[in-house]
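Please read the structure below before turning to the comments.
The values are calculated or read from the model by the stated rules, or taken from the named source; none is laboratory data. In this text the structure is predicted, and so the values were computed from the model without any measurement. Note that we place each Cβ from the backbone using ideal geometry, even for glycine, and neighbour counts take in every protein chain shown.
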Amino acid sequence: MRRTTLSAAGLGALLAFTAPASAHDLWLDPTGSGVQVLYGHPHEPELPSAGKLMSLTAYEPSGAVALAAKMESAPAPALRAAHGGDALFAAAYDNGYWVRLPDGSYRNASKRMLPTADKSLWSVKFAKAVSGPSAPWGKVVGQPLEIVPLEEPASASGQIRVRVLFEGRPLGGASVVATDGVTFKSEADQARAATDAEGVAVVPLRRAGPQVLGVSHRVTPSQTPALADSDSYGATLAFTVTDPKTN
């Protein structure tokens, strides 16, 4: 075990203790030859851990295909998987157990190993990305926390209706945040919308182009109470809006 630093990727999990909106995300960026797995903040991506990527799947119009992501060194370090054709990509990422110690430091460990911790959680992240006009964009893939578009994302104009599911059921009262996956936005500048009792939110989209929607959910007590106080879930949905209309 080692102490984390302010620039370490794992710190994003710990930020969820006090500021969920600041926590790091996992999101997917489709390219013409496959998909890249990204982690961190949209404007400040960090290299994800290949060992923490539990699954990466391409849901094609004709069925599902498991993808093998590999760490590439050129032209820049990146975690990518090859794939050709339209698809709804989906990934699951286990960010592990994290604790905050009384001195304010953070460790990538469970409270069983560090019982003096004053906060602890298990962090898991899920991501989806829509690529191509024939991708099955409305498919529910069964992620524990999942954002499901209720209209074709590429044709969204100024806003998009989505449903947030937790363990297959609508999640009400969740805050869905929209970014472009590139530009920094303060919390005050972020476009966001809350889900209703049916898990539905109408999320503003301020401009055409790349979009990344994000949502988080905390469950207390943890399913593993001997290891963590709570379970922290995060999910994203990436897509590109081609309609030039904006809010």
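Quick notes on this structure:
- Within the range 183-203, tally of residues that are surrounded by fewer than 16 Cβ atoms within 10 Å (Cβ to Cβ) and at pLDDT 95 or above: 5
- Failed criterion for S123 (all others in (1) small (G, A, S); (2) closer than 23 Å to V200 by Cα; (3) in contact with a helix residue (DSSP H, G or I) (Cβ under 8 Å, 6 or more places away or on another chain) hold): (2)
- When R218 is tested against (1) of a type in the set (D, E, K, R); (2) more than 22 Å from Q143 (Cβ to Cβ); (3) at pLDDT 95 or above, exactly one condition is not met: (2).
- Answer from A91, A117 - the residue that is farther than 23 Å from V177 by Cβ, at pLDDT 95 or above, in contact with a strand residue (DSSP E or B) (Cβ under 7 Å, 6 or more places away or on another chain) and surrounded by 15 or more Cβ atoms within 10 Å (Cβ to Cβ): A117
- Screening the range 205-218 for residues that are in a strand (DSSP E or B) and surrounded by fewer than 16 Cβ atoms within 10 Å (Cβ to Cβ) and picking the one that is farthest from the chain's Cα centre (by Cα) gives G209.
- One residue stands out among those in the range 160-180 that are in a loop (DSSP other than H, G, I, E, B), touching a Gly at 6+ places or on another chain (Cβ under 9 Å) and of a type in the set (G, A, S): the one that is surrounded by the fewest Cβ atoms within 10 Å (Cβ to Cβ), which is G168.
- Selection status of A68, out of contact with any Leu (no Cβ under 7 Å at 6 or more places or on another chain) and either surrounded by 18 or more Cβ atoms within 10 Å (Cβ to Cβ) or modelled with pLDDT under 95 (or both): no
- Considering the range 134-159, and only residues there that are in a loop (DSSP other than H, G, I, E, B) and modelled with pLDDT under 95, the residue that is nearest to Q190 (Cα to Cα) turns out to be G158.
- The listed residue being among the charged types (D, E, K, R), over 25 Å from L205 (Cα atoms) and crowded, with 22+ Cβ neighbours inside 10 Å, out of K111, K128: K111
- Hey, A82 in contact (Cβ under 8 Å) with a residue 40 or more places away in the chain, of a type in the set (A, V, I, L, M) and either within 24 Å of G168 (Cα to Cα) or crowded, with 18+ Cβ neighbours inside 10 Å (or both) or not: no
- Residue count, the range 206-222 (criterion: farther than 24 Å from F89 by Cα and in contact (Cβ under 8 Å) with a residue 60 or more places away in the chain): 2
- Within the range 36-59, tally of residues that are of a type in the set (D, E, K, R) and at pLDDT below 95: 2
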